[in-house]
Amino acid sequence: MSTDQALPAGALSASADAVARRADADRRADRFFRYLVTGAGLFVLAALTGAALSMLWGGRLAFSTFGFEFLTTTDWDAVGKKFGALVPIYGTLVTALIAMLIAVPVSFGIALFLTEVAPPWLRTPVASAIELLAGIPSIIYGMWGLFVFVPVMSTTVIPFLTRYLGPLPIFGPLFQGPPLGIGMLTAGIVLAIMVIPFISSVMREVFLTVPTRLKESAYALGSTTWEVAWNVVLPYTRSAVIGGIFLGLGRALGETMAVTFVLGNAHQLTASLLMPGNSIAATIANEFSEADSDIYLSSLIALGFLLFIVTFVVLAIAKLMLMRLNRNEGNR
Amino acid sequence: MSAISEKLYRRRRFKNGVALVLAGAATLFGLFWLVWILWTTLVNGIGALKPELFYQMTPPPGSDGGLANAFFGSMLMSLLAIVLGTPVGILAGTFLAEYARRSLLGESIRFVNDILLSAPSIVLGLFVYTLVVKQMGHFSGLAGAITLALIVLPVVVRTTDEMLKLVPSQMREAALSLGVPQWKVTVQVLYRSALPGIVTGVLLALARISGETAPLLFTALNNQFWSVDMSGPMASVPVVVFQYAMSPYDTWHSLAWAGAFMVTVFVLCTSLIARAIIARRKVAND
C-alpha cells in the first residue's frame, strides 16, 4: 500500500500502540457500562425488597405488641393505644370482591364485543376510549364519586335496593341500612369502574392471540359467535384471562384515593354493604397525619406491610398466569 | 326429529343473541361511566376556571384564592422525579434487553419490575417515609420527588426493555462487526432507534405521576404558601384537591374542581401525545 511506504518505520509501531490503547479504553468503557446497567437493574430489585423490609421494620412495634391479634381484633383506639386490623382488612376484601363481581363479567363482555361482535371500524376507537378510563387519575374518580355518584346512590339506588333486596332471607342483611350513599357498595362500584379498563384490555389482547384457524374451524362446524367465544376462545386463553383478573384485583386491593372519598372512614364491622367502612389503604391515607403515638404510626405502617404482601401475591399470580399463555404460544 | 333439532337451533340462536346484546351492553356500560366522569369534571372544572388560579396562593379555610403554589410544587416534583427516574430506568431497561435477556437474574428483575408497575403507590409512599422523611425528621418536596421517581422507574424500565427488543439484531451485528464497542452500539445505535418508544414511556410515566395523590400525603405533605425549598413541605395539585374536596367550604370545592380539571386535561393530553408518537413510529416502520 502506498501510505505504508510513505510512513517512517517508527510510525507503524506508534499507530499499533494507539490501536492497542484504543482497544484497552474500549474494554474499560465496556466494563464500566456493564457495571452501570447491572447496577441499575439491581436497583429495581432493591427498590421492591427495600419497600418490603422498610415497612416490616416500621411495623415491628405493632407486630411485636399485638402479635397475631393484630389480624383478628377489631379495636382501633388511638387513645387506648389498642389497634387491630380486622375492620380495614375486611373492608379491603369486601370492596375488592364487589368490584370483581361487577368488573369481570363487564370486562368479558367488552372484550367479546371488541374482538368478535363490533364492526372493525368501531373497534379501535371504542378500545381507546375504554383505555382512556384507565388514564384518569384516581382522585378524579374520588371527587366524582363523592359529589356526583354518592347523591345518586343515596336518593335512588340504595332506597331501591333496601326496598326490594332488603327483605330477602339470606342476602337481605347485606342491603339493609340507612341511605347514606357512602359505604362499601359505593366504594365497590367505583373500584369496578376503575379496574374495568385494565381487565378488559388484557382480555381483548389475549383474545386477539387466538389463532384464526381455531375459530374458523368452529364456525365451519356451525357454531354461533357465543359458542366460539365460550368453547374455543375462552379455554384457549384461560390462564391469561385469570391473569388479567388478578391484575385488576391487585389494583382494586391497593387503590387508595377513590376509596378514601366514598368509603366513610368508619371503624366498624357490619354485615350491611350500605354502611360506611374502611379499607387498609384508606385508613393509612386518612390517619397518617393524625398518628400521634409511635404505636399508632407503627400500626399504620404494619397495615401497609399487610397490603404489600397481599398485593404482591396477587400480582405475582397474575404475572405467572399471563406468562403461561406466552409459553404455550411459543410452543405452538 | 327435525322438530327437536329445529328447537335446539332456535335455542342456540337465542342464547347467542342474548350474549351478543349483553356484550354490547357491557361496552355501553363502560363508556357510560367514562362520559359521565369526564362530563362532570369538565362542567365543574370549566365553571371554576379563573385567572387567579395561576397567580394566587392556596387560601386559608373558607376564603378564595388560587392554586399557584400547588401548580409550581407539582411541576417541580414531577420534573425532579423524571430527572431521577428516567436515567436509572433506561439503564435498567438496557440491562434487561441487552445484557440479561434470557438469564435468571434478568427474568427475576423483569418479574419484580412488573409487580412494581402495578403495586399500590401508597406502599411506595410509606417506603420513602421510613427511608427519607424519618431520617430527615420532616416532610419534604425532595421525599415527594423520590416517591414519584419510584413510580416513574418501572414504567421507563418496561418501555425501554420492550423498545430495545424491537430493534432488529442486524443493527447490533452490523455495528459490532465494524469493531464498535458494545456501549457505543447501545448508546449511539440502539438508543437512537428506540428513542420514540422511550420518550413515550417517559410521557406515560409523567401522566401517571401528575395525578398521584396518596404517596405524597406522607412525603411532601402540603404547604399553604409559595415555596421553592425542596427540603421543606411542598404543595401539589392532587393533594390540595384532596384536602379541599373533603372540606365543607364551597370556595374550596370550586378550587378543587378547577385543580381536578387541570390535572385531568394534562394527564389526558400527555397520554394522547405519547400514543401519537408510538403510532407515528409504527407507520414509519411499515
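The values are calculated or read from the model by the stated rules, or taken from the named source; none is laboratory data. The shown structure was predicted, so the numbers you read here are calculated from the model rather than taken from an experiment. Every residue, glycine as well, gets a Cβ built from its backbone with ideal geometry; the counts of neighbours run over all protein chains shown. What goes into the accessible areas is simple: the full protein's heavy atoms, side chains included, and nothing from ligands, DNA or RNA. Shrake-Rupley method; radii C 1.70, N 1.55, O 1.52, S 1.80 Å.
B:Y249 contributes an accessible area of around 90 Å² to the protein surface, as traced by a 1.4 Å probe with all chains present. Accessible surface calculations at 1.4 Å, restricted to protein heavy atoms, place the protein assembly as shown at 45 Å² per residue. The magnitude of the dipole of chain A, with charges of +1 and -1 set on the Cβ of Lys/Arg and Asp/Glu and taken from the Cα centre, is near 700 debye.
Can you give the helix-only mean residue ellipticity at 222 nm for chain B, where every DSSP H stretch with n ≥ 4 adds -39500 (n - 2.57) and the sum goes over all residues, rounded to the nearest 500 deg cm²/dmol?
Computed ellipticity for chain B at 222 nm equals -24500 deg cm²/dmol.
Longest exposed-loop-site-free stretch of chain B, with trypsin sites (Lys or Arg not before Pro), DSSP loop and at most 14 other Cβ within 10 Å? That would be B:103-286. For B:K15, the lysines whose Cα comes closer than 28 Å to its Cα, not counting residues fewer than 8 places off in the same chain, are A:K215, B:K7.
Per residue, the Cα convex hull of the range B:155-286 amounts to 135 Å³. Selection among B:V83, B:I37, B:V157 by position relative to the dipole of the protein assembly as shown gives B:V157 as farthest towards the positive end (Cβ unit charges, Cα centre).
Filter the trypsin sites (Lys or Arg not before Pro) in the range A:49-150 to those in DSSP coil with at most 14 other Cβ atoms within 10 Å of their Cβ, and list the result.
Details: sites: A:R60, A:K81, A:K82, A:R123; in loops: A:K81.
Passing sites in the range A:49-150 are A:K81.
Residue by residue along A:202-209, Cβ atoms of other protein chains within 10 Å of the local Cβ number 0 on average.
Averaged across orientations, what area in nm² does the convex hull of the alpha carbons in the protein assembly as shown project? Write out the running numbers ahead of the final one.
Numbers: hull surface 151.5 nm².
If you wrap the Cα atoms of the protein assembly as shown in a convex hull and average its projections, you get 37.9 nm².
Here A:T124 sits with roughly 90 square angstrom of accessible surface, probe radius 1.4 Å.
Report the extension gain between B:L195 and B:L166 in nm, rounded to one decimal, defined as 0.36 nm multiplied by the number of residues separating them, less their alpha carbon distance. List each step's numbers first, then the result.
On the way: separation 29, 0.36 × 29 = 10.44 nm, distance 1.17 nm.
So the chain would gain 9.3 nm between B:L195 and B:L166.
The range B:92-240: D in µm²/s via Stokes-Einstein (Kirkwood Rh, Cα pairs, 20 °C, 1.002 mPa s)?
Numbers: Rh = 17.1 Å.
My calculation gives 126 µm²/s for D.
Normalised by 2.2 N^0.38 Å, where N is the number of residues, the C-alpha radius of gyration of the range A:16-65 stands at 2.18.
If you take all C-alpha pairs in the range B:1-156, what percent of them are over 20 Å apart? Value for the range B:1-156 (Cα pairs over 20 Å): 73 percent.
Pairwise alpha-carbon distances in the range A:139-276 exceed 22 Å for 54% of all pairs.
What's the Cα-based Rg to Rh of the range A:231-326, Rh via Kirkwood?
Values: Rg = 17.2 Å, Rh = 15.3 Å.
Rounded to two decimals, Rg/Rh equals 1.12.
Under the definition of Cα pairs under 8 Å and six or more residues apart, what whole-number percent is the relative contact order of chain A? Could you put the intermediate results ahead of the total?
Values: 416 pairs, mean separation 84.0, N = 332.
Averaging sequence separation for qualifying contacts and normalising by length gives 25 percent for chain A.
The Cα atoms of chain B cover 77, 72, 36 Å along the three principal axes, with the biggest extent listed first.
Buried on complex formation within the range B:67-103 (loss of at least 50 square angstrom of accessible surface versus the isolated chain, 1.4 Å probe, ligands and nucleic acids ignored): B:L91, B:F95, B:Y99. The magnitude of the dipole of the range B:66-225, with charges of +1 and -1 set on the Cβ of Lys/Arg and Asp/Glu and taken from the Cα centre, is near 180 debye.
Quick one: if the Förster radius is 35 Å, what FRET efficiency do A:L97 and B:R280 give, using the C-beta to C-beta distance and rounding to 0.05?
Values: r = 42 Å, r/R0 = 1.21.
The pair A:L97/B:R280 has a calculated efficiency of 0.25.
Per-atom-type breakdown for the protein assembly as shown gives carbon and sulfur 67% of the accessible area (1.4 Å probe, protein chains only). The slack between B:L42 and B:L104, meaning 0.36 nm per residue of separation minus the straight C-alpha distance, is 17.5 nm. Per the accessible-area calculation with a 1.4 Å probe, the total area buried between chain A and chain B rounds to 6900 Å².
Between A:D77 and A:W121, what length in nm is gained on full extension when 0.36 nm per residue of separation is reduced by their alpha carbon distance? It would help to have the intermediate numbers written out before the result.
On the way: separation 44, 0.36 × 44 = 15.84 nm, distance 5.78 nm.
My answer for the length gained is 10.1 nm.
Per the Kirkwood definition applied to all pairs of different Cα atoms, how many angstroms is the hydrodynamic radius of the range A:42-169? Please report the intermediate quantities before stating the final value.
Numbers: mean 1/r = 0.0504 Å⁻¹.
After inverting the pairwise mean of 1/r, the radius is 19.8 Å.
For chain B, what is the charge dipole size about the Cα centre, in debye to the nearest 20, if Lys and Arg each add +1 at the Cβ and Asp and Glu each add -1 at the Cβ? Write out the running numbers ahead of the final one.
Working: 21 positive and 13 negative charges, 296 e Å.
So the magnitude is around 1420 debye.
I'd like to verify something in chain A: which complete DSSP H helices, judged by Cα projection on the helix axis, reach 30 Å or more and average at least -0.5 on the Kyte-Doolittle scale? Sorted by number, the helices that extend far enough and score high enough are A:9-58, A:86-112, A:184-208, A:294-331. At q = 0.25, 0.26, 0.27 Å⁻¹, what is the log10 ratio I(q)/I(0) for the range A:146-211, with the Debye formula run over Cα points and no solvent? With one equal scatterer per Cα and no solvent, log10 I(q)/I(0) is -1.01, -1.06, -1.10.
Of the Cα atoms belonging to the range B:23-109, the radius of gyration and Dmax stand at 22.3, 60 Å. When the helices of chain A are scored as -39500 (n - 2.57) per DSSP H run of n ≥ 4 and the total is divided over every residue, the value at 222 nm lands at -23000 deg cm²/dmol.
Return the FRET efficiency for the residue pair A:T212, B:Q224: r is the Cβ-Cβ distance, R0 is 51 Å, and the value is rounded to the nearest 0.05. It comes out at approximately 0.25.
Taking the chain by itself as reference, the range B:125-151 contains these residues with an accessible-area loss of 40 Å² or more in the full protein complex (1.4 Å probe, heavy atoms): B:L126, B:F127, B:Y129, B:T130. Here the calculated FRET efficiency for B:S247 and B:A3, from their Cβ-Cβ distance with R0 = 56 Å, stands at 0.20, rounded to the nearest 0.05.
Using Stokes-Einstein with the Kirkwood hydrodynamic radius over Cα pairs, what translational diffusion coefficient do you get for chain A at 10 °C and a viscosity of 1.306 mPa s, in µm²/s rounded to a whole number?
Details: Rh = 23.8 Å.
In µm²/s, the coefficient is 67.
The accessible-area ordering, largest first, of the residues A:H267, B:H138 stands as B:H138, A:H267, per a 1.4 angstrom probe. When the convex hull of its Cα atoms is viewed from all sides, the range B:143-218 shows a mean projected area of 5.5 nm². Work out, in µm²/s and without decimals, the Stokes-Einstein translational diffusion coefficient of the range B:74-164 at 20 °C, 1.002 mPa s, Rh from Kirkwood over C-alpha pairs. Roughly 157 µm²/s, to the nearest whole number. Residues B:L268, A:L132, sorted by accessible area with the largest first, give A:L132, B:L268 [1.4 Å probe; ligands and nucleic acids excluded].
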